[in-house]
Amino acid sequence: MSYVQQIDIGAKYLGLTPEKTIERIGARKKELADRILILGHHYQQDDVYQFADLSGDSLKLSREAAKIIDKEFLIFCGVHFMAEAADILAAERQIVILPHLDAGCPMAEMSTRGAVEAAWPELAQAAKVSQDRIIPVTYVNSSATVKAFVGEHGGSVCTSSNANKVLEWALDSGDLVFFFPDQHLGRNASFQLGLSEDEVVLWKRGEPMGGCSAKELENARVVLWDGYCEVHMRSFPEHVHQWRVQDANATIIVHPECRNEVLRLADLSGSTEMIISAVADGKPGSSWVIGTEINLVHRLARLHPDKTIHSLSESCLCPTMDAVKPANLLWVLDNLAEGRVVNRIQVPPDIARQARKSLDQMLAI
Ligand code: 13P
Ligand code: SF4
């Protein structure tokens, strides 16, 4: 096997019709069936998602994949941090592949290890809390190096489905929680646990003392990194108001990466898995307005023709998730068939060891 990292896939793939590309993926998948496992996140476009052997939210995919140890190659149709998590949890001999190297999560990149490391002692000093009484919590949408920092400092990863539980644990385990990178998930979970507005403080990257006053930090129990998902921030309270008028019977359900003003107006909130099961469990004839990525909303609408399903805001396409096209998947499979591994995602062992601690901590909560 040889290894290649590259973004462009070669002009020959651009000459293939969509139908031919799909046909060839099917044939390659059959040919390599004993050696590969294709994983597809819910936000992947249907032409890619249809080939997934396993689908799910980011954590479910990594956990389930880790149980499948007889496949040599895990092809992760999702974004970079998900492939890293799969590599951390996979067996040593398994190789994780990301079909498009540009498929990153912009929010995950908003908290780098360097920035978090620099903010850590500054926060301790400004909040007058000893560093070992600060508990770091990172959303799974973060790099392996940030997860490693969290592991080294006795903290935990969380996902959109267990953020409240993990935050509760963190609040009980120290004097102050430092939550990154998604301020919205952190704020929504904090308020759902009953914290008041002045107990939840925003740390602004690049500003001295995170732009916080000593007084603000005195009352703080959770300090939020100022990261955000630009896709989920395209949903506004006005959208909820409009849908209440347009379809008064609809249940409005949103992902917790949406801003708190939207969450408070919605009927339900939860991870992609939770949204999928809520809609599946809904009565025939029921009406749903969904605030999350558009590929998932459109798929739900197709899967449930007996229900009325709309997107809270039509503009919520995640461009990096969407970067993975059928041609990228075919390119990966063609290369594997010819003995080349393209776009391997490999977390260095020392980082993987520390990052694993923060993932294991989450699983233990
Ligand atoms: P889930 O873990 O809920 O699938 O969310 C991942 C994500 O990137 C949401 O934007
Ligand atoms: Fe990242 Fe947002 Fe895209 Fe999810 S939807 S992968 S959080 S940018």
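Residue-by-condition table, conditions (1) farther than 26 Å from THR17 by Cβ; (2) among the small types (Gly, Ala, Ser); (3) open to solvent by 10 Å² or more (accessible area, probe 1.4 Å):
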| position | (1), (2), (3) |
| --- | --- |
| GLY285 | yes, yes, yes |
| ARG302 | no, no, yes |
| LYS307 | yes, no, yes |
| HIS310 | yes, no, yes |
| LEU330 | no, no, no |
| ASP334 | no, no, yes |
| VAL347 | yes, no, yes |
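Within segment 250-262, the presence of a residue that is basic (Lys, Arg), free of Cβ contacts under 8 Å to residues at least 24 places away in the same chain and either touching a Pro at 6+ places or on another chain (Cβ under 9 Å) or surrounded by fewer than 21 Cβ atoms within 10 Å (Cβ to Cβ) (or both) is excluded.
For PRO348, state whether it is free of Cβ contacts under 8 Å to residues at least 12 places away in the same chain and away from ligand 2 (no atom under 16 Å from the Cβ).
Values: free of Cβ contacts under 8 Å to residues at least 12 places away in the same chain: yes; away from ligand 2 (no atom under 16 Å from the Cβ): yes.
For PRO348, the condition - free of Cβ contacts under 8 Å to residues at least 12 places away in the same chain and away from ligand 2 (no atom under 16 Å from the Cβ) - is met.
Within segment 46-75, the residues that satisfy the criterion of being away from ligand 1 (no atom under 14 Å from the Cβ) and assigned to a strand (DSSP E or B) are PHE73, LEU74, ILE75.
Within segment 136-156, is even one residue of a type in the set (Asp, Glu), away from ligand 2 (no atom under 16 Å from the Cβ) and over 21 Å from PRO348 (Cβ atoms)? Steps first, answer last, please.
At the first step, the residues of segment 136-156 found to be of a type in the set (Asp, Glu) are 152.
Pick out the ones that are also away from ligand 2 (no atom under 16 Å from the Cβ) and you get 152.
Filter again for over 21 Å from PRO348 (Cβ atoms), leaving none.
No; the residues of segment 136-156 include none that is of a type in the set (Asp, Glu), away from ligand 2 (no atom under 16 Å from the Cβ) and over 21 Å from PRO348 (Cβ atoms).
With the requirement that a residue be more than 30 Å from GLU122 (Cβ to Cβ), in a loop (DSSP other than H, G, I, E, B) and within 14 Å of ligand 1 (Cβ to nearest atom), what does segment 232-272 give you? SER235, HIS255, GLY270, SER271, listed by residue number.
Scoring SER160 on the criteria (1) crowded, with 17+ Cβ neighbours inside 10 Å; (2) modelled with pLDDT of 95 or more leaves a single failure, condition (2).
Hey, does segment 218-236 have a residue that's open to solvent by 30 Å² or more (accessible area, probe 1.4 Å), away from ligand 2 (no atom under 16 Å from the Cβ), modelled with pLDDT under 95 and more than 25 Å from THR112 (Cα to Cα)? Scanning segment 218-236, I find at least one residue that is open to solvent by 30 Å² or more (accessible area, probe 1.4 Å), away from ligand 2 (no atom under 16 Å from the Cβ), modelled with pLDDT under 95 and more than 25 Å from THR112 (Cα to Cα), so the answer is yes. Does LEU296 satisfy the condition of being in contact with a Ser or Thr (Cβ under 8 Å, 6 or more places away or on another chain), open to solvent by less than 30 Å² (accessible area, probe 1.4 Å), closer than 30 Å to LEU176 by Cβ and not in a loop (DSSP other than H, G, I, E, B)? When the stated conditions are applied, LEU296 does not pass them.
Count of segment 1-25 residues, restricted to those that are at pLDDT 95 or above and under 29 Å from the mean Cα position of the chain (by Cα), is 4.
Residues in segment 46-88 that are of a type in the set (S, T, N, Q) and away from ligand 2 (no atom under 13 Å from the Cβ): GLN50, SER55, SER62.
Every residue, every condition in (1) open to solvent by less than 20 Å² (accessible area, probe 1.4 Å); (2) under 17 Å from the mean Cα position of the chain (by Cα), yes or no:
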site: ALA27; (1), (2): no, no
site: ARG35; (1), (2): no, no
site: ILE38; (1), (2): yes, no
site: SER55; (1), (2): no, yes
site: SER62; (1), (2): yes, yes
site: PHE81; (1), (2): yes, yes
site: ASP87; (1), (2): no, yes
site: ILE95; (1), (2): yes, no
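Check whether at least one residue in segment 70-81 is farther than 27 Å from ALA163 by Cα, out of contact with any strand residue (DSSP E or B) (no Cβ under 8 Å at 6 or more places or on another chain) and at pLDDT 95 or above, and report yes or no. No - not one qualifying residue is present in segment 70-81.
The residues of segment 301-323 that are part of a helix (DSSP H, G or I), more than 10 Å from ligand 2 (Cβ to nearest atom) and closer than 22 Å to ALA103 by Cβ amount to a single one, ALA323.
Pick out the one residue from ALA323, ALA280 that is surrounded by fewer than 19 Cβ atoms within 10 Å (Cβ to Cβ), of a type in the set (A, V, I, L, M, F, W, C) and within 15 Å of ligand 1 (Cβ to nearest atom).
Numbers: ALA280 fails: within 15 Å of ligand 1 (Cβ to nearest atom).
Only one candidate qualifies: ALA323.
Of everything in segment 97-132 that is more than 16 Å from ligand 2 (Cβ to nearest atom), surrounded by 19 or more Cβ atoms within 10 Å (Cβ to Cβ) and under 20 Å from the mean Cα position of the chain (by Cα), the residue that is farthest from MET362 (Cα to Cα) is ILE97. Scanning segment 277-296 for residues that are in contact (Cβ under 8 Å) with a residue 40 or more places away in the chain and over 20 Å from ASP247 (Cβ atoms) yields GLU293, ASN295. Going through (1) in a helix (DSSP H, G or I); (2) touching a His at 6+ places or on another chain (Cβ under 9 Å); (3) among the β-branched types (Val, Ile, Thr) one by one, ILE88 falls short only on (2).
The values are calculated or read from the model by the stated rules, or taken from the named source; none is laboratory data. Fair warning: this is a prediction, and the values are worked out from it, not measured in the lab. Glycine gets a Cβ as well: all are built from the backbone with ideal geometry, and neighbour counts include every protein chain shown. Remember, those area values only see protein heavy atoms, side chains included, never the ligands or the DNA or RNA. Shrake-Rupley method; radii C 1.70, N 1.55, O 1.52, S 1.80 Å.
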